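Before any comments, here is the structure.
The values are calculated or read from the model by the stated rules, or taken from the named source; none is laboratory data. No experiment lies behind these values; they were computed from the predicted model shown. No Cβ is skipped: glycine too gets one built from the backbone with ideal geometry, and neighbour counts run over all protein chains shown.
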Amino acid sequence: MNSQSPVVYNFHLPRFPARLVAGVTIVILLLILIWTACYTVQAESEGVVLRFGKFLKTVEPGLHFKLPLGIDKVAVLPTRRQLKLEFGFVTPGYTNPDQPTKDAEEERSMVTGDLNAALVEWVVQYRIDDPKQYLFDVRNPGQTLRDLSEAAMREVIGDRTVDEVITIGRQDIEVSALARMQELAKRYMLGVRVDQVQLKNVNPPAEVQASFNEVNKAQQDRENAINIANGDYNEAVPRAKGQADQAIRAAEGYRFKRVNEAQGDVASFNAMLEQYIKAPEITRTRLYLETMGDVLSATGEKIIIDDSMRNLLPILPLTGKPVEKK
């Protein structure tokens with residue numbers, strides 16, 4: 001039986017000089033130190049430096065340096081940018097990590113003060129105004145802000161009727177919800193400032209949407225009728241006031257005229273009375289003649305004949321007027 005001896009291969013690894021190995025190691029360590037010692041804070045943000053997990057300081061945007069190898073860590077927060085949380089709906093492409101919600105339908109379903117259902121969608125805009133408080137005083141501040149915002153909105157909606165929620169009370173709801181969220185954020189020391197609450201879509205459930213549309217249409221018709229009536233009122237009342245003022249001015253003018261005429265007649269009568277006292281016969285004769293002159297001048301032309309005249313021929317009218325036949 002033939003046996004074969006095993007073949008042994010000898011490999012010799014290249015040997016590097018110790019100085020070269022040490023130099024490469026030092027270079028790698030220096031790169032690691034440099035890489036972990038510098039960091040950049042983006043614009044509209046602020047860096048919070050932690051040393052062994054404890055707050056150290058805050059830094060402005062730009063290039064900065066810290067202790068390497070995990071001694072110092074930096075949390076970058078967008079403190080100079082307004083953030084947004086959406087409730088009851090989600091806009092595709094959102095960037096806020098606190099935006100995801102488990103069930104938008106459940107989040108927007110609310111009960112009003114008169115025990116009616118409403119679907120409410122709203123937006124909360126806020127800023128991080130205290131980075132240290134935001135990072136250390138509350139665990140998961142973003143989710144806490146979502147929870148207190150939803151609680152505040154449900155509280156405000158629960159104090160109002162469904163008509164106020166859907167139609168006339170939207171602005172009041174926004175103001176009340178904003179004040180309540182600001183109060184809760186300050187009480188819980190979230191380190192955020194709520195700037196605005198804006199209602200988006202506020203609708204009744206789909207099952208009663210048709211009935212609410214009819215109610216809204218009736219209310220709009222009522223408002224339209226009121227506006228038309230107010231327009232007619234604003235048109236008729238000034239016109240009536242103008243006519244009344246015109247009648248009053250005409251009456252006052254007539255009064256002044258009659259008073260002045262009466263005063264003139266009195267003055268004339270007094271003057272005539274003085275003349276009559278001085279010379280009664282002459283004054284009486286003058287008044288008689290003036291009166292007869294006024295009366296006869298208004299009667300037209302007259303022909304006076306003596307009663308003793310007989311066989312008088314008819315005289316043709318000289319004025320061109322037709323002769324009456326009796």
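Identify all residues within segment 92-122 that are surrounded by fewer than 17 Cβ atoms within 10 Å (Cβ to Cβ) and either hydrophobic (A, V, I, L, M, F, W, C) or not assigned by TED's automatic domain parsing to the domain that holds ALA177 (or both); write none if there are none.
Matches in segment 92-122: ALA104, VAL111, LEU115, ALA117.
Could you check how many residues of segment 101-140 are small (Gly, Ala, Ser) and part of a loop (DSSP other than H, G, I, E, B)?
1
So the check is Cβ under 9 Å with 6+ separation or different chains; which pairs have a first residue in segment 146-160 that's closer than 16 Å to LEU190 by Cα and in contact (Cβ under 8 Å) with a residue 60 or more places away in the chain and a second one that's surrounded by fewer than 19 Cβ atoms within 10 Å (Cβ to Cβ) and of a type in the set (Val, Ile, Thr)?
So the pair list comes out as ARG146/THR101.
Could you check segment 53-82 and list, in sequence order, the residues that are outside any loop (DSSP other than H, G, I, E, B), in contact with a helix residue (DSSP H, G or I) (Cβ under 7 Å, 6 or more places away or on another chain) and over 19 Å from ASN96 (Cα atoms)?
The answer is PHE55, THR58, PHE65.
From the list LEU199, LEU184, LEU190, pick out the single residue that is among the hydrophobic types (A, V, I, L, M, F, W, C), touching a residue at least 24 places away in the same chain (Cβ under 8 Å) and under 16 Å from GLU86 (Cβ atoms).
Working: LEU184 fails: under 16 Å from GLU86 (Cβ atoms); LEU190 fails: under 16 Å from GLU86 (Cβ atoms).
Unique residue meeting the criteria: LEU199.
Among the numbered criteria (1) crowded, with 17+ Cβ neighbours inside 10 Å; (2) at pLDDT 90 or above; (3) in contact with a Phe, Trp or Tyr (Cβ under 7 Å, 6 or more places away or on another chain); (4) over 22 Å from GLU44 (Cα atoms), which single criterion is violated by LYS200?
(1)
Return yes or no: is VAL165 β-branched (Val, Ile, Thr), within 16 Å of PRO205 (Cα to Cα), modelled with pLDDT of 85 or more and crowded, with 16+ Cβ neighbours inside 10 Å?
When the stated conditions are applied, VAL165 passes them.
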